Amino acid sequence: MAKSSHSFVCQSCGAHSVKWSGHCDACDSWNTIIEEKLEAPASGAKGSGLPRGRVAKLVDLQGESAAPPRILSGIAELDRVTGGGFVPGSAVLIGGDPGIGKSTLLLQALAALGNKGERVIYVTGEEAIAQVRLRAARLGLADAPVLLAAETNVSDIIATLNEGDVPSVVVIDSVQTVWSPAVEAAPGTVSQLKAGSDALVRYAKSKGTCVLLVGHVTKDGQIAGPKVIEHLVDTVLYFEGDRGHQFRILRAVKNRFGPTDEIGVFEMGDGGLAEVTNPSRLFMGQTERPAPGTAVFAGIEGTRPLLVEVQALVSPSSLGTPRRTAVGWDTTRLNMILAVLEARAGVALGQHDVYLNVAGGLRLKEPAADLAVAAALLSSLSDTIIPHGTVLFGEIALSGAIRPVGQTEPRLKEALKLGLGHAVIADMGDKPPKTGIDAKQVSTVADLVAWVASRSKGLRRIA
Ligand code: TYD
Ligand code: MG
């Protein structure tokens, strides 16, 4: 007999507690804990009552295993992020803020797959069939062979999928609307989300269908977030972007069949999402008119080099505690660079407000961007223009040393490809890069300050 009990579950991280509280200690979020009814396992599955198991065959690590086959959508930026196409029998979670374009991207992907002869099904739980049709018409995809169903009960969804030929790709939009009749909790709660996703993942594995689950990221915890099912699926993709910008980035954060940290770049327009094949051009901003406070960083996103413009504004502060704001970059790391510039190169920034922005709405995570950030700060402070056509990269240590970073040559080659002929990089010792770029090597932040000061017309002194 299954016994049910009550538990309090955080809708953001899925942590259980014995009593209600306004604050979740596990993930530090507020007002996310609600009471859920839980099904206890049947008494037969406990302790000594375990049924007798079957012996599994133990094998060596070595052995022949074929690479998984792939279902290519033909949308190159999407196929790049999935590591070369969707894998049959896998479950993929696509998370993102509401309105970012998940439904649009997946409808476009299904239409592309349908046109290639795959049997594809789009199950909508959020929108009515008419709304999905309207979007398809707007995207010019009304003729694409995509099968539609509006359904939220997971048993009905699986029964529908079991009718006719096995589909190769199925989209569930969104997994938070799916509910299982076997669980008593309300739709959108952690228990329902887990039960629904679990059934769909099991369907994917048993039929060899690739199931794409859409998950909304919510800040207020009204519905359970996609984080709680990340471990259930094979691949986790996040669709990010700033609604003010038309650029959208699809990022792989977990992939059992390919690399993570790979990104795909799209542009949202009237005709839906278009691929951006040369993202460096996009994130470089208005480099035709160089201005003080901008520096170009040569980064690596996944396997691809990417040039990004870093913008800084340093201005005298009227506040007791000056403002430190960073968009697209970690504020803690910004504070660290400011402290290193002050302590190791004597650049006094304690009385200045500092604003930092990464162009195009991109979020930079590489410490390699330190050098470009420091250069942009110094450039703004001294009203000096970093010469047009210069890229910078290198990690700044607390000692003030500038450390070389990996993949120097692909970064420099990307700069050359886009017509940038100069670079400022960490001292590479006796192994200078073999590309034809004019590379200035700096070994400490003091060297960087001297390099910027040498370009300054003396309008403002740095140190
Ligand atoms: P949608 O795919 O519905 O987002 P999600 O499923 O992530 O909630 O996208 C919604 C936004 O995209 C909406 O604000 C309108 C915009 N959009 C366009 O700009 N162009 C288009 O062709 C389409 C279909 C949507
Ligand atoms: Mg949607």
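At-a-glance table
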| item | result |
| --- | --- |
| Number of the exception - residue 103 against (1) at pLDDT below 90; (2) in a helix (DSSP H, G or I); (3) of a type in the set (Ser, Thr, Tyr) | (1) |
| Qualifying position, being out of contact with any strand residue (DSSP E or B) (no Cβ under 9 Å at 6 or more places or on another chain), of a type in the set (Gly, Ala, Ser) and either more than 21 Å from residue 165 (Cα to Cα) or part of a strand (DSSP E or B) (or both), among 84, 140, 117, 95 | 84 |
| When residues of the range 83-97 are limited to those that are open to solvent by 10 Å² or more (accessible area, probe 1.4 Å) and under 15 Å from the mean Cα position of the chain (by Cα), the one nearest to ligand 2 (Cβ to nearest atom) | 97 |
| Residue ID - most open to solvent (accessible area, probe 1.4 Å), chosen from residues in the range 71-82 that are under 15 Å from the mean Cα position of the chain (by Cα) and among the charged types (D, E, K, R) | 80 |
| Selection from the range 122-137 of residues that are touching a helix residue (DSSP H, G or I) at 6+ places or on another chain (Cβ under 8 Å) and outside any strand (DSSP E or B) | 125, 126, 127, 132, 135, 136 |
| Residue satisfying condition, being in the same structural domain as residue 297 (by TED's automatic domain parsing) and either open to solvent by 30 Å² or more (accessible area, probe 1.4 Å) or modelled with pLDDT of 90 or more (or both), within set 459, 448 | 448 |
| Test: residue 293 is outside the structural domain of residue 192 (by TED's automatic domain parsing), buried (at least 16 other Cβ atoms within 10 Å of the Cβ) and in contact (Cβ under 8 Å) with a residue 12 or more places away in the chain | yes |
| Residues that are within 18 Å of residue 440 (Cα to Cα) and open to solvent by 10 Å² or more (accessible area, probe 1.4 Å), drawn from the range 350-388 | 385, 386, 387, 388 |
| Qualifying residues in the range 397-409 (those that are closer than 13 Å to residue 343 by Cβ and touching a residue at least 60 places away in the same chain (Cβ under 8 Å)) - the one surrounded by the most Cβ atoms within 10 Å (Cβ to Cβ) | 400 |
| Residues (farther than 19 Å from residue 208 by Cβ and surrounded by 21 or more Cβ atoms within 10 Å (Cβ to Cβ)) located in the range 107-119 | 107, 108, 111 |
| Spans of strands (runs of 3 or more DSSP E) in the range 353-456 with at least 3 residues within 28 Å of residue 241 (Cβ to Cβ) | 390-393 |
| All positions within the range 169-186 that are farther than 19 Å from residue 118 by Cβ, buried (at least 18 other Cβ atoms within 10 Å of the Cβ) and not polar (S, T, N, Q) | 175, 178, 179, 183, 185 |
| Odd one out for residue 336 among (1) over 24 Å from the mean Cα position of the chain (by Cα); (2) closer than 25 Å to residue 248 by Cβ | (2) |
| Of all residues making up the range 97-119, the number that are near ligand 1 (Cβ under 10 Å from one of its atoms) and either touching a His at 6+ places or on another chain (Cβ under 6 Å) or more than 15 Å from residue 171 (Cα to Cα) (or both) | 4 |
| Top-ranked residue in the range 120-137 [being open to solvent by 30 Å² or more (accessible area, probe 1.4 Å) and in contact with a strand residue (DSSP E or B) (Cβ under 7 Å, 6 or more places away or on another chain); ranked as farthest from ligand 1 (Cβ to nearest atom)] | 129 |
| Which listed residue, of 319, 307, 313, is in the same structural domain as residue 392 (by TED's automatic domain parsing), open to solvent by 50 Å² or more (accessible area, probe 1.4 Å) and touching a residue at least 60 places away in the same chain (Cβ under 8 Å) | 313 |
| Filter result for residue 335 (touching a strand residue (DSSP E or B) at 6+ places or on another chain (Cβ under 7 Å), assigned to a helix (DSSP H, G or I), modelled with pLDDT of 90 or more and open to solvent by 20 Å² or more (accessible area, probe 1.4 Å)) | yes |
| Which numbered condition residue 347 fails, given (1) assigned to a loop (DSSP other than H, G, I, E, B); (2) of a type in the set (A, V, I, L, M, F, W, C); (3) under 21 Å from the mean Cα position of the chain (by Cα) | (3) |
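The values are calculated or read from the model by the stated rules, or taken from the named source; none is laboratory data. Since this is a predicted model, take the numbers as computed values, not measurements. Cβ: placed from backbone, ideal geometry, glycine included. Neighbour counts: every protein chain shown. Calculation scope for accessible area: heavy atoms of the full protein, side chains included, ligands and nucleic acids excluded. Shrake-Rupley method; radii C 1.70, N 1.55, O 1.52, S 1.80 Å.
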